[in-house]
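K.L.:
Sending over a structure as structure tokens; questions will come in a sec.
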Amino acid sequence: MLTIPIEIQLLFAGLLFFLGLVGVLVRRNIFFIMMSIEIMLNSAGLVFIIASAHWKHPGGQVMFIFILAVAAAEVSIGLALILRVFHHYKSLDVEAVNELKDEVKE
Amino acid sequence: MNLFFYIAGIVAILSTIMVIAQKNAIHALLYMIVSFFSIAVIFYLLDAPFIAALEIIIYAGAILVLFIFVTMMLNIVIEKKKEKRWLKPKMWVIPIILAVVLFLDLVFAVYSIPFPSVDKGVVMPKHLGVALFTQYLPAVEISAMLLLVGVIGAYHLGSQEKKVTHRFFEKK
């Protein structure tokens, strides 16, 4: 049994979430952005498990299983999209995909 | 037991920092496996052994292996050279400041809410299964449809277009 106060546990999950957020904001490689999104999903699941352990309710663990299903679907579609982007632009740079950008008049 | 939590937490945070700061995609994925294993330890300590097993089997075993397959299909040698240009040190400053401000916000929020605890025993995997297939059954079916959409979407996006013209007629 853990006797750590729940605030510390929640802040640990929050720290992981913000590390993922920094990864999404800083990286320009689509691949690393996907990985940071995985980290954020995982830390959100960690919050559910902490709540489930604190209130002794199975709902949090059920939600973690749903997060797992969402992450699996997201990864399969996202990786297929990354493959398409790489074959089309020959690069993994997110800034290469800018065809919706307006033409700049000179 | 608390010591194990702190050790696993420090390992998780350090390996996550290595994931987001790494230039080589394969090394980042291996650090991410370490991070997921240490989070699985934390799940085990939080009385959720079934979820810890799922974390190792599905996250570290299936999702990250999918990532590694895709990394090996892409040509990351070229990307590694570009990565040095993309990842300048000054790019880290503003996102880290914003994240630290939001984190302080979170600290304030967490410490201003009371968390009344209940002592009603422990959630066994059996309770989890019963809750999943009675109370949450519609959500289970919706997530099954979501996975079907994932399969169909990945197949559709991953299939190459067929060539319809002979290469003699192709425009240069």
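K.L.:
Of the residues that sit in the range A:20-34 and are over 10 Å from the mean Cα position of the chain (by Cα) and facing chain B (nearest Cβ under 8 Å), which one is most open to solvent (accessible area, probe 1.4 Å)? Spell out the reasoning first.
P.N.:
Residues of the range A:20-34 that are over 10 Å from the mean Cα position of the chain (by Cα), as a first pass: A:22, A:25-32.
Checking which are facing chain B (nearest Cβ under 8 Å) leaves us with A:22, A:25-29, A:31-32.
Numbers: A:VAL22: 11, A:LEU25: 94, A:VAL26: 6, A:ARG27: 7, A:ARG28: 55, A:ASN29: 7, A:PHE31: 5, A:PHE32: 4 Å².
Within the range A:20-34, the match that is most open to solvent (accessible area, probe 1.4 Å) is A:LEU25.
K.L.:
Can you report the number of residues in the range B:67-86 which are open to solvent by 70 Å² or more (accessible area, probe 1.4 Å), among the aliphatic types (A, V, I, L, M) and at pLDDT 85 or above?
P.N.:
1
K.L.:
Can you tell me which residue in the range B:107-126 is most open to solvent (accessible area, probe 1.4 Å), limited to those that are facing another protein chain (nearest Cβ under 8 Å) and part of a helix (DSSP H, G or I)?
P.N.:
B:TYR111
K.L.:
Follow-up question, since we're still on this one. Within the range A:1-45, can you find the residues that are touching a residue at least 40 places away in the same chain (Cβ under 8 Å), under 30 Å from B:LYS84 (Cβ atoms) and in a loop (DSSP other than H, G, I, E, B)?
P.N.:
The answer is A:ARG28, and nothing else.
K.L.:
For the range B:127-138, indicate whether the set of residues that are open to solvent by 70 Å² or more (accessible area, probe 1.4 Å) and at pLDDT below 90 is non-empty. Before the answer, list the steps.
P.N.:
If we filter the range B:127-138 for residues that are open to solvent by 70 Å² or more (accessible area, probe 1.4 Å), which is where we start, we get B:127, B:130, B:133-135, B:138.
Filter again for at pLDDT below 90, leaving B:127.
The answer is yes, given that some residue of the range B:127-138 is open to solvent by 70 Å² or more (accessible area, probe 1.4 Å) and at pLDDT below 90.
K.L.:
Now for a separate question. On the given criteria, is B:GLU161 at pLDDT 75 or above, under 30 Å from B:VAL70 (Cα atoms) and of a type in the set (D, E, K, R)?
P.N.:
Against the criterion (at pLDDT 75 or above, under 30 Å from B:VAL70 (Cα atoms) and of a type in the set (D, E, K, R)), B:GLU161 does not qualify.
K.L.:
Could you tell me which residue of the range A:35-48 is farthest from the chain's Cα centre (by Cα), considering only residues that are facing another protein chain (nearest Cβ under 9 Å) and within 23 Å of A:PHE86 (Cβ to Cβ)?
P.N.:
So, considering only residues that are facing another protein chain (nearest Cβ under 9 Å) and within 23 Å of A:PHE86 (Cβ to Cβ), the one farthest from the chain's Cα centre (by Cα) is A:MET35.
Residue-by-condition table, conditions (1) open to solvent by less than 50 Å² (accessible area, probe 1.4 Å); (2) more than 7 Å from every other protein chain (Cβ to nearest Cβ); (3) modelled with pLDDT under 90:
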residue	(1), (2), (3)
A:PHE64	yes, no, no
A:ALA69	yes, no, no
A:SER76	yes, no, no
A:LEU79	yes, no, no
A:ARG84	no, no, yes
A:LYS90	no, yes, yes
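K.L.:
When A:ASP102 is evaluated against the numbered criteria (1) farther than 26 Å from B:LEU14 by Cβ; (2) at the interface with chain B (Cβ under 7 Å from one of its Cβ atoms), which criterion, by number, is the only one it fails?
P.N.:
Condition not satisfied by A:ASP102: (2).
K.L.:
Going by the conditions given, is A:VAL97 buried (at least 22 other Cβ atoms within 10 Å of the Cβ) and either farther than 25 Å from B:ILE57 by Cα or of a type outside the set (S, T, N, Q) (or both)? Steps first, please.
P.N.:
On the way: buried (at least 22 other Cβ atoms within 10 Å of the Cβ): no; either farther than 25 Å from B:ILE57 by Cα or of a type outside the set (S, T, N, Q) (or both): yes.
Judged against the criteria, A:VAL97 is not a match.
K.L.:
Name the residues in the range A:1-19 that are among the β-branched types (Val, Ile, Thr) and more than 7 Å from chain B (Cβ to nearest Cβ), would you?
P.N.:
A:ILE8
The values are calculated or read from the model by the stated rules, or taken from the named source; none is laboratory data. Small disclaimer: the values here were computed from a predicted structure and weren't measured. Because the Cβ atoms are built from the backbone with ideal geometry, glycine has one as well, and the counts that use them run over all protein chains shown. SASA here: full protein model, heavy atoms, side chains in, ligands and nucleic acids out. Shrake-Rupley method; radii C 1.70, N 1.55, O 1.52, S 1.80 Å.
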